[in-house]
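**Q** Got a structure here, written out as C-alpha cells. Questions coming.
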Amino acid sequence: KKLETAEQVANDLGIPFRTNSFIEFLLKSEVDAVCIVAPPHTHAEMAVKALSAGKHVFCQLPMALTQSDAIQMVTTAQYYPRLLGLCHNPLRFIPAVVRMKELVKEGYCGALMVGEVVVRRGPLVHPKGYTWICDKTMGGGLLNSVGSYIIDLLVHITSQRVAEVNGSVNTMFSHAPGVEGYRAITSDDFCTFSLRCDRGLSVAVTLNAHLPHHYSQEFMLIGEKGRLAIRGNDLYGQSHSDPRERLLVRGDDLVGKMQ
C-alpha cells in the first residue's frame, strides 16, 4: 500500500509508527502480533516471515492457495510453539452466527438434514479497475474470497466435518469495462458446490457475482424439527409446528440480545 495511506490511518488512530514495508514492520520490537489481511497469494510468505520474526499471527481466510503453502505455515507455527498462529473468520463472532450455533447445539432444528447458502453480489471488477480478486493466480474469485468463509462457518456452526464435495467454478466474463490492455479476468464469478457432512447434513451453495448494485446473502439450516436462517445480519427461526417465521436476532443488536 502507499505510504500516504498508512500515514492517514496512523494519524486517524493516533499510531506513532507508520510504514509501507512489511519487513520494516517486523523489525519493530514493540510489535507483538501481525494480522494478515491481504491478497491470498501473499498469506504464506507473510505468515512464515512474521512467525520467524517472533510475532503472533492472525491470518484471514483462505489460509493459502496450495497445500504445500498451508503445510509450510503450519510447520513454521509448530516450530515456534510459544507463538500463536491462527487462521480467523471474523464472521464467527457476529451475533446472528453466535446465536445460530447455540440454537443448533440446543436442538432447535433437531437433527440437521439440509442446508442452503446463497450469496449474490455485483461484478468482481472494482469501480477503480482491476484488482487481485479478478486474478485466480492471486487467490481471486468467489470460491476463495467467499466460499472459504462459508465452509468455515458451516463446520463451526454445525460441528460436522465435510466428507464429500462436488461443484464447479465458472468465469462468465473475462473482460469488463475498466479492464484495459492485456489483462483478463481469470477468477470465477459464478460458483456452485454441494457438501456432504459426516453426520448426514447435505448443503448446496451458490455464489453469484452477476447482480450489479446488489448484495444479499442467506445461510439456512433445516432439521427434523425446524429451521434457522441468517439473512444479511439477521437471524430467523421457524419450528415446523409454527405457521410463521420469527426474528430471533436483529443484525444491529451488538450483543445478540434475543428479541
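The values are calculated or read from the model by the stated rules, or taken from the named source; none is laboratory data. Just so it is clear, the model here is predicted, and its values are computed rather than measured. Cβ atoms come from the backbone with ideal geometry, glycine included; neighbour counts cover every protein chain shown. Keep in mind that these areas ignore ligands, DNA and RNA; they rest on the heavy atoms of the full protein, side chains included. Shrake-Rupley method; radii C 1.70, N 1.55, O 1.52, S 1.80 Å.
**Q** Can you name the residue in region 60-69 that is out of contact with any strand residue (DSSP E or B) (no Cβ under 7 Å at 6 or more places or on another chain) and within 20 Å of H156 (Cα to Cα) and is also surrounded by the fewest Cβ atoms within 10 Å (Cβ to Cβ) among such residues?
**A** P62
**Q** Sticking with this structure for a sec: Only one of L195, L153 is modelled with pLDDT of 95 or more and either over 19 Å from the mean Cα position of the chain (by Cα) or assigned to a strand (DSSP E or B) (or both); which?
**A** Step by step, each of L195, L153 is checked, and only L195 is modelled with pLDDT of 95 or more and either over 19 Å from the mean Cα position of the chain (by Cα) or assigned to a strand (DSSP E or B) (or both).
**Q** Here's a follow-up. Tell me whether region 138-148 contains one or more residues that are farther than 16 Å from L195 by Cα, among the polar types (S, T, N, Q), part of a loop (DSSP other than H, G, I, E, B) and modelled with pLDDT under 95.
**A** No.
**Q** Another question, then. What is the number of the single condition among (1) under 24 Å from G232 (Cα atoms); (2) under 16 Å from the mean Cα position of the chain (by Cα); (3) aliphatic (A, V, I, L, M) that L86 does not meet?
**A** (1)
**Q** Mind listing whichever residues of region 213-236 are open to solvent by 60 Å² or more (accessible area, probe 1.4 Å) and either modelled with pLDDT of 95 or more or at negative phi (or both)?
**A** Hits for region 213-236 are H214, Y215, Q217, E224, K225, R227, R231, N233.
**Q** Something else now. Residues of region 75-93 being modelled with pLDDT of 90 or more, surrounded by 14 or more Cβ atoms within 10 Å (Cβ to Cβ) and under 20 Å from H156 (Cα atoms), which ones?
**A** L91, R92
**Q** Looking at G122 and the list (1) touching a Pro at 6+ places or on another chain (Cβ under 8 Å); (2) under 23 Å from H156 (Cβ atoms); (3) among the small types (G, A, S), which single condition is not satisfied?
**A** (2)
**Q** I'd like to check something: does region 24-34 contain any residue that is charged (D, E, K, R), modelled with pLDDT of 90 or more and within 28 Å of G141 (Cα to Cα)?
**A** no
**Q** Continuing with this model, one more query. Can you pull out every residue in region 94-135 that is among the basic types (K, R) and part of a loop (DSSP other than H, G, I, E, B)?
**A** Residue satisfying the conditions is K128 alone.
**Q** Kindly indicate the residue of region 27-55 that is over 17 Å from V74 (Cα atoms) and of a type in the set (V, I, T) and also farthest from the chain's Cα centre (by Cα) among those meeting that condition.
**A** V31
**Q** Only one residue in A50, A111, A38, A96 is in contact with an Asp or Glu (Cβ under 9 Å, 6 or more places away or on another chain), open to solvent by less than 30 Å² (accessible area, probe 1.4 Å) and of a type in the set (A, V, I, L, M, F, W, C). Which one?
**A** A96
**Q** Does F173 fit the bill of being aromatic (F, W, Y), open to solvent by 70 Å² or more (accessible area, probe 1.4 Å) and in contact (Cβ under 8 Å) with a residue 40 or more places away in the chain?
**A** For F173, the condition - aromatic (F, W, Y), open to solvent by 70 Å² or more (accessible area, probe 1.4 Å) and in contact (Cβ under 8 Å) with a residue 40 or more places away in the chain - is met.
**Q** In region 150-164, what count of residues is obtained for those that are hydrophobic (A, V, I, L, M, F, W, C) and more than 11 Å from L201 (Cβ to Cβ)?
**A** Within region 150-164, residues that are hydrophobic (A, V, I, L, M, F, W, C) and more than 11 Å from L201 (Cβ to Cβ) number 3.
**Q** Something else about it: Within the set of pairs 6 or more residues apart or between chains, which connect a residue that is among the polar types (S, T, N, Q) inside region 16-36 to a residue that is open to solvent by 80 Å² or more (accessible area, probe 1.4 Å) with Cβ atoms less than 6 Å apart?
**A** That search, which allows pairs on different chains as well, returns N20/K1.
**Q** Is one or more of the residues making up region 128-142 closer than 21 Å to N233 by Cα, touching a Gly at 6+ places or on another chain (Cβ under 9 Å) and buried (at least 19 other Cβ atoms within 10 Å of the Cβ)?
**A** The answer is no; no qualifying residue exists.
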